[in-house]
1. Just name the residue that is nearest to the ligand (Cβ to nearest atom) out of those in the stretch 209-256 that are part of a loop (DSSP other than H, G, I, E, B) and in contact (Cβ under 8 Å) with a residue 60 or more places away in the chain.
2. Against the definition (touching a helix residue (DSSP H, G or I) at 6+ places or on another chain (Cβ under 7 Å), away from the ligand (no atom under 14 Å from the Cβ), at pLDDT 95 or above and hydrophobic (A, V, I, L, M, F, W, C)), how does I273 come out, yes or no?
3. Cβ contacts < 6 Å: first residue of a type in the set (V, I, T), restricted to the stretch 14-33; second residue in a loop (DSSP other than H, G, I, E, B), any location; separation 6+ or different chain. Result?
4. Say we look at the stretch 133-151 and pick out the residues that are hydrophobic (A, V, I, L, M, F, W, C) and at pLDDT below 95; which of these is farthest from E50 (Cα to Cα)?
5. Considering each residue of the stretch 119-164, count those that are in contact with a Cys (Cβ under 9 Å, 6 or more places away or on another chain) and not in a loop (DSSP other than H, G, I, E, B), and give that number.
6. Going through the stretch 88-101 one residue at a time, which ones are surrounded by fewer than 14 Cβ atoms within 10 Å (Cβ to Cβ) and either over 21 Å from L25 (Cβ atoms) or in contact with an Asp or Glu (Cβ under 8 Å, 6 or more places away or on another chain) (or both)?
7. Only strands (runs of 3 or more DSSP E) wholly contained in the stretch 1-53 count here; list those with 2 or more residues that are open to solvent by less than 50 Å² (accessible area, probe 1.4 Å) and more than 16 Å from the ligand (Cβ to nearest atom).
Amino acid sequence: MENSLSTKYLGLTLKSPLIVSSSRLTSTLGQLKEAEDSGAGAVVLKSLFEEQINYYIHSVSSSSGYPEADDYLANYIQSNSVDNYLDLIRKAKGNLSIPVIPSINCFTPRGWTGFAKNIEEAGADAIEINVFFMPVDRKKSSAESEKLYFDLIESLKKSVKIPVALKIGYRFSNILFMIDQFYNRGIEGVVMFNRFYEPDVDINKMEIIPAAILSKENERRYVLRWIGMASAQDIRIDISASTGVHSGQDAIKYLLAGADTVQVCSVLYNKGIDYLKTMNQQISEWMSLKGFKGIGDFRGKLNYANYEKPGVFERTQFMKYFSSFE
Ligand SMILES: Cc1cc2nc3c(=O)[nH]c(=O)nc-3n(C[C@H](O)[C@H](O)[C@H](O)COP(=O)(O)O)c2cc1C
């Protein structure tokens, strides 16, 4: 049976729910073309950093207080210019027919947001904002930390008309409240979730080192729950799943939980960008097996809308699970 993988995200029509997420894999025109040829529904470009934009605007880089970090930043800014980034957007738009979504990684709502207009003018279909904010000040309440997101949205929405997706982490006191607030402020989509840099320790060298950069399949667990909860709300904010998708079957799980699209990164580092073909095929075969003609036939079928009181359901599951484990 013929089926269609076509889906909508941020008001755009995608031929597949699979999106290549932001990373070095989306930093050249050749890679973006390969993603399109392999069946990607859209591409999110490697992030431009707030620091790069501020340097571009003011021609001065601010000191972080760590000479080593300042050196790294100065080198990075020199070899990754903002002009090159805008050029990549223009070239991608000229050569690809799938949506092109540039990304900005930021940690403050100040200074840089007006620059988003340049990205819009370069032809971007939408913009993804990766908020890398770490609440490390014990004197600051969670409400103060959350306000940063609202200030950011307010000033961003003044500069661009294209749809905006926020790529967020899962460590909020109340994720659903935050998503509701984003929606009320006009945000079109949320990417759930960002996978932040995490530290590990090398006990031989006695040094802090980065933990695994690429994800594992078992990291899907917390993402599934919150996508299932968020998609059961009565608001129409789009959801793009990110973290732990290593096969078409993994993507199906997120779609069943209620995601509109599914982003992939680590698996493409491991298996190559053209693995998207296999993943699309796996989704299509499963749909044929189940008799589904389109993504809309099964999207969100397993979300939490089926549970009147999701909190009670979760607690019962928890009790069942742990009391039955010998
Ligand atoms: C090497 C590498 C570079 C990344 N760079 C970015 C980036 O520039 N901006 C961003 O928003 N996410 C970045 N990410 C995060 C990915 O977009 C993605 O959200 C994360 O890897 C989880 O998805 P996965 O399990 O499919 O890898 C990067 C990930 C990796 C592995």
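The values are calculated or read from the model by the stated rules, or taken from the named source; none is laboratory data. What you are looking at is a predicted structure, and each value in this text was computed from that prediction instead of being measured. Using ideal geometry, Cβ is built from the backbone for each residue, glycine included, and neighbour counts are taken over all protein chains shown. Ligands, DNA and RNA are excluded from the accessible area calculation, which covers all protein heavy atoms including side chains. Shrake-Rupley method; radii C 1.70, N 1.55, O 1.52, S 1.80 Å.
1. Applying the filter and picking the extreme gives S231.
2. no
3. Final answer for the pair search is I19/G41; V20/A40.
4. Per the stated criteria, the residue is A143.
5. Residues in the stretch 119-164 being in contact with a Cys (Cβ under 9 Å, 6 or more places away or on another chain) and not in a loop (DSSP other than H, G, I, E, B): 4 in total.
6. S97
7. Those strands (runs of 3 or more DSSP E) span 12-14.
Residues are listed down the side, and each one gets a yes or a no for (1) among the acidic types (D, E); (2) within 24 Å of S16 (Cβ to Cβ):
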residue: E144; (1), (2): yes, no
residue: V164; (1), (2): no, yes
residue: G186; (1), (2): no, no
residue: Q233; (1), (2): no, no
residue: R236; (1), (2): no, yes
